[in-house]
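Here the structure comes first, spelled out in structure tokens, and everything after it is commentary.
Please treat every number below as a calculation from the coordinates, not as lab data. Worth saying up front: this structure is predicted, and the values here are computed from it rather than measured.
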Amino acid sequence: MSMKKSPAELKSIFEKYAAKEGDPDQLSKDELKQLVQTEFPNLLKGPTTLDDLFQELDKNGDGEVSFEEFQALIKKISQ
Ligand SMILES: [Ca+2]
Ligand SMILES: [Ca+2]
């Protein structure tokens, strides 16, 4: 399965999952979990757990991942 997605696709993926609960512009841990498990399951096949990933992405520690913070994941999957 290819991990490659266009920037527009990534933005629409973020928006689709971020809108599921709470703030529609932010991913909660549950939303991130659904996003990663559905769209990027390979990310969790290594030693990285969802908790690790969430902590890594949530740079300002507010318990949600903004689209800006999500960029780090995009970078990770496009390597
Ligand atoms: Ca949300
Ligand atoms: Ca955050």
task = With N set to the residue count of the stretch 7-77, report its C-alpha Rg divided by 2.2 N^0.38 Å to two decimal places.
result = 0.98
inquiry  = Quick check on the chain: helices-only [θ] at 222 nm, where DSSP H runs of length 4 and up contribute -39,500 (n - 2.57) each and the sum goes over total residues. Nearest 500, please.
reply    = -16000 deg cm²/dmol
remark   = Residues whose built amide H sits under 5 Å from the amide H of GLU64, excluding neighbours closer than 5 in sequence, are none
